[in-house]
Structure formats: C-alpha cells, structure tokens
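Undergrad: Quick one: the structure is below, questions incoming.
The values are calculated or read from the model by the stated rules, or taken from the named source; none is laboratory data. Because the structure is predicted, anything quoted here is derived from the model rather than measured. Quick reminder, even Gly has a Cβ in these numbers, built from the backbone with ideal geometry, and neighbours come from all protein chains shown.
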Amino acid sequence: MSTSTLQSRSAPHRPPNFCSSLPSQLALLIIYDVFFHPLAGIPGPFWAKVTDLWHARQMATGVRHKLLYRLHQKYGPLVRLGPNTVSVDTVEGLNKIFSATAPIDKSPFYQSFTPGFKSSFSSTGSVFKEKKSILAQAFSQKKLDAMESSFMHHTNTLCRVLKTDKEAELDESLSAFTIDILSDVCFGESFDLLHHPEEKKNITRGTLWRWPILQKTLRAFSHKFSRRDYPAHRAIGAMIKQKQKPSGREDIFNYLLSATQRATGRPFPDSEMFGEAIVLFVAGSDTTSTSLLTILWHLMSDKRAYDALANEIRSNFKSIDEINYQEAQHLPYLRAVIEEGLRILPPNSGFIPRQVMPHDTPFTLHDRVLPVGTEIGVANLALHRNPLYFSDPDDFVPERWIKDGKIVKAGNAAFSPFSKGPRSCLGRTMAYMEMTLVLAALFLELDIEFKDPEAEAKHGFGARDAFVLVRPMVNVIVKPRGEE
Ligand code: HEM
C-alpha cells in the first residue's frame, strides 16, 4: 500500500514518480513527506508526517484532545498531524482560519456527518448561506425569549426527577434533559426521556451515525440496528410528524419546513431536511449536556466554587418560579462558571478542521505558507490551555472571568468554545440560556455531591474525544437543598 492512498482526500502535494517497484516508491514517498513536502518544516510526530493512519489511530483512542495539547506544548504553535494536515493552538490561528475573508472552507472531513443526506453542516458556499439565513431567524433572541417557558418546564422536570430518585447518573440525566428540550423547541414535541430513561439506551446507539462503516457492519449482524430507535431516526420521525401535523408554534424546524429554495421556489427535498434534523439534534443536545456535566463536575470537586455559586443563586432567587433569564444572565459567578467550564474542556476539544482553498496570495500562519489543499484546524483544548492566554490553565478558576464584581465583557481572544466567524455555532445564545437557567434551578433547589468523591478525584473527568466529547459516567447523590 502506498502512503499516497493514506493521505487526506485532497492530497495535493505529491512527489515525482521516478521508481516503479512498490518498496522503492514507498521509500520515496516517505522521504518526500518528511523532507521535501511543502509542510516538511512543520514539526510533529514522525508517523504523522507519512500517513493519515497515525491521526486516525489517535482519534480512535478517545484522548486525541489531550495528545494535541501535549504536542503543542512540545512543538509550539503549529504541529503536523498528517502528511497534509496541520494543527494550531494560537489566537493568530483562530483569527486567520475562521475569518470571514480567509480562503478557507470546511474540510472534506465533514462529509462523514449525516452520511447519505445533504446538510448545511457539511455544505459550503451559497448552499450553506441559504440555510443559515433561514435558521438564523429561528435562533434570534426574540424567538429564544419565547422558548424560555419550555426551558423552565424541562428544568422543573429535571429537578423533580433528581429529587425523587435521590441518586442519579448525572451524565444520563443531563443528556435526557437537553434532548427533551431540543426535541421540544426544534420539532414541537418532547421525547420526554427524563420520564422514560429506557428510551435513552436506544437513543445512544445513534452515535453509530458517526461511523457509517461500523454501522453497516453491525446492521449486517443484527436487525436491532436498523430499527427506528436511534437519534437520527427519532429526529427524522419527529420532523415528518411535524410536517404532517404542525404544532402551531414557531418551532426551530418549522422555519426550514416552510422555507422555499431560492433556485426553484419549491420546498427543500425531504432528504435534505433529514440531514438538517440530524445535525440540529446532535449539535444542540450532546454539546450542551457535556458542557453542563463538565461545569457540575468541577463545581462538585471544588467546595469553594460550589458554595460561591450556591450563595449567589440563593441570595438572588427565592423560588424556582422566580428564575428568569433576564436576571440570571447577569449573575457574575453563574456566568463565570459557565465560561470556565467551556474553557477548561470545550465540547469540541479535539480538532476543528478546515481546508485552504485556491486564492491569489499565499495563506500563511506563523510565517509558514500553507499551500492550497492543506487541512488546517484549531486544537481547541490546546488553545484554551495555552499559558500564553490563561494563567494556571489546568485549574478551574471561575474568578478569572470576573473583574470588579462584574463579568469581563470582552472575554479573552483565545476563548473559542463555539468556534468563530461565519461557521461558528448557530445555537450559542440558546446554549447560554439553557445552561444559565438549569444551573440556577439546580443550585437553588438541590444539593448535589459525588457518590464516590475519592474515585472521581483519583480518575479525574474522563470525557473522551469523538469530535464532540463523550460524557463519562458520573454518579451523584441528590438532596433537596439544606436536607442533611
Ligand atoms: C454549549 C453548547 C454548544 C457548544 C459548545 C457548541 C459548539 C459548536 C461549535 C464549536 C461549532 C462549530 C463546529 C465546526 O465547525 O465543526 C458549532 C456549530 C453548530 N452548532 Fe453548536 N454548540 C453548542 C450548542 C448548540 C445548540 C444548543 C445548537 C442548537 C440546536 C447548536 C447548533 C449548531 C449548528 C446548527 C452548528 C453548525 C453551524 C454551521 O454549519 O456552520 N449548537 N457548535
């Protein structure tokens, strides 16, 4: 097998073909990739320079995000992750790659999302812009304000279920909570997983969508995997239902269903709507529940921060009915714990890949020219823990976001949990609203602690990198506030 077959799809940089035997071609390719390739001057592990299999293997370990952090500490701002792939962990990288005017687009990696269905997430250019202009209306602050009562309804349910159960797998409860919210505001009908946790077990099978070949293989062995019991199918089912019987509310997905294509004046085809349903479902639920779990885990590990948040919430609200986003969003410590949770372990901690597109002037980063076709991405965890931008970067310190009793408005240029520029997160405001309201309610109503604090301290927070982090299991004991 020649290394060229292992190079990334665009593989624009190839050596001249002088030798005909396979071993000599292989040797030539390796020498070329290491010493003469346009990216040869960029440091990185040896095997990363010669084959994409190295990166694929690191992804499979689930700890690629931590490896990238270490590699940047060792090699500096640019690290070669593949023959044609480069990672960066600096503000210069962030600003140049995600700038609206950069000759950069999403990398072919995104084609692996929603396999078989087109979606805005994997599209580029005018196809994406058309969908974005429709979805942006659904995420306007005015529309989100109208969703606040749904958010509080599910927040109340979460508090009630936790109070009744007394013990919980917090990762599962938060995941059910965010899926319930999303299915409600997106498709007009909540999946109600908080009351039917057994359904959740089926829904988690949907992670197979990220590995289409594995999915096909498993399906060949078991009919279970072709049942309508994983999120893509649930999302599609909900979407079809919504199409046939509109809820009468301005649910997020209604904007897409009632839109017409600019080119034809006709509605978008169902296959495209399926892709959008899946993307919204995954983008909006896993990210938010993982962030919430990260924040709560760090608060339970740090009594001082836990008490500071509890005091702030309990002195500002007397009952859960009083909680509202208008006030809660201005509580400095609450906002600071959210920012710090998103900094210390952003849900997209690994690598957000883009590709250098044809352009007139060379695209440079840290004085290196990155040729057209180079896959270039920001290593989010490494960026958020880069000591150039954050002191004591491995410590959870909400106070770093507060100055003179107020939240630091301008933030930090290196803070990028939602990415930046035209392809940044569409649901950012919704995520802040959801996280603010539920944290306020949990800290007002309940006392939550680890079931096994020693084990949690020993093992740390073991989220795994699968593009969006996969939540670790976190067992907790829940008591109504103040109860011994
Ligand atoms: C804490 C919660 C969240 C975080 C940290 C987050 C983070 C991100 C990031 C980093 C991206 C860019 C990914 C990439 O370029 O590969 C993204 C995109 C996106 N997010 Fe979020 N997200 C969150 C919540 C949400 C929510 C609640 C929704 C709404 C349903 C949402 C909808 C989207 C969509 C539609 C995109 C794709 C935008 C595009 O195609 O350009 N996200 N998000």
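Undergrad: For the stretch 367-484, give me every one of the helices (runs of 4 or more DSSP H) that falls completely inside it and has 1 or more residues that are within 16 Å of the ligand (Cβ to nearest atom) and farther than 25 Å from residue 58 by Cα. Outline the logic, then answer.
TA: Details: elements: 380-384, 428-445, 453-459.
Fully inside the stretch 367-484 and qualifying: 428-445.
Undergrad: Sticking with this structure for a sec: Does residue 48 fit the bill of being aliphatic (A, V, I, L, M) and either farther than 20 Å from residue 354 by Cβ or out of contact with any helix residue (DSSP H, G or I) (no Cβ under 6 Å at 6 or more places or on another chain) (or both)?
TA: Details: aliphatic (A, V, I, L, M): yes; either farther than 20 Å from residue 354 by Cβ or out of contact with any helix residue (DSSP H, G or I) (no Cβ under 6 Å at 6 or more places or on another chain) (or both): no.
No.
Undergrad: Within the bounds of the stretch 276-289, is there any residue that is assigned to a loop (DSSP other than H, G, I, E, B), at pLDDT below 90 and within 16 Å of the ligand (Cβ to nearest atom)? Write out each step before concluding.
TA: Step one: of the stretch 276-289, the residues assigned to a loop (DSSP other than H, G, I, E, B) are none.
No.
Undergrad: Here are the criteria: (1) more than 11 Å from the ligand (Cβ to nearest atom); (2) in contact with a helix residue (DSSP H, G or I) (Cβ under 8 Å, 6 or more places away or on another chain); (3) assigned to a helix (DSSP H, G or I); (4) over 23 Å from residue 188 (Cβ atoms). Tell me which single one residue 295 does not satisfy.
TA: Here residue 295 clears every test but (1).
Undergrad: Within the stretch 45-70, which residues are buried (at least 21 other Cβ atoms within 10 Å of the Cβ), more than 15 Å from residue 381 (Cα to Cα) and charged (D, E, K, R)?
TA: 49, 52 - these are the residues of the stretch 45-70 that are buried (at least 21 other Cβ atoms within 10 Å of the Cβ), more than 15 Å from residue 381 (Cα to Cα) and charged (D, E, K, R).
Undergrad: Restricting attention to the stretch 138-170, report how many residues are within 15 Å of the ligand (Cβ to nearest atom) and surrounded by 14 or more Cβ atoms within 10 Å (Cβ to Cβ).
TA: Here the count works out to 10.
Undergrad: Identify all residues within the stretch 98-137 that are among the basic types (Lys, Arg), buried (at least 17 other Cβ atoms within 10 Å of the Cβ) and near the ligand (Cβ under 9 Å from one of its atoms); write none if there are none.
TA: At the first step, the residues of the stretch 98-137 found to be among the basic types (Lys, Arg) are 106, 118, 129, 131-132.
Still in the running and buried (at least 17 other Cβ atoms within 10 Å of the Cβ): 106, 118, 131.
Passing the criteria: 106, 131.
Undergrad: Pick out the one residue from 76, 62, 44 that is within 28 Å of residue 423 (Cβ to Cβ) and modelled with pLDDT under 95. Let's see the steps before the verdict.
TA: Details: 76 fails: modelled with pLDDT under 95; 44 fails: modelled with pLDDT under 95.
After applying the criteria, what remains is 62.
Undergrad: Would a scan of the stretch 318-326 turn up a residue that is buried (at least 16 other Cβ atoms within 10 Å of the Cβ), of a type outside the set (Val, Ile, Thr) and more than 11 Å from the ligand (Cβ to nearest atom)?
TA: Taking every residue of the stretch 318-326 in turn, at least one turns out to be buried (at least 16 other Cβ atoms within 10 Å of the Cβ), of a type outside the set (Val, Ile, Thr) and more than 11 Å from the ligand (Cβ to nearest atom).
Undergrad: Which residue out of 434, 483, 449 is without any contact (Cβ under 8 Å) to a residue 60 or more places away in the chain and either among the aromatic types (Phe, Trp, Tyr) or under 28 Å from residue 153 (Cβ atoms) (or both)? Don't jump to the end; show me each part of the working.
TA: Details: 434 fails: without any contact (Cβ under 8 Å) to a residue 60 or more places away in the chain; 449 fails: without any contact (Cβ under 8 Å) to a residue 60 or more places away in the chain.
Every option except 483 fails the conditions.
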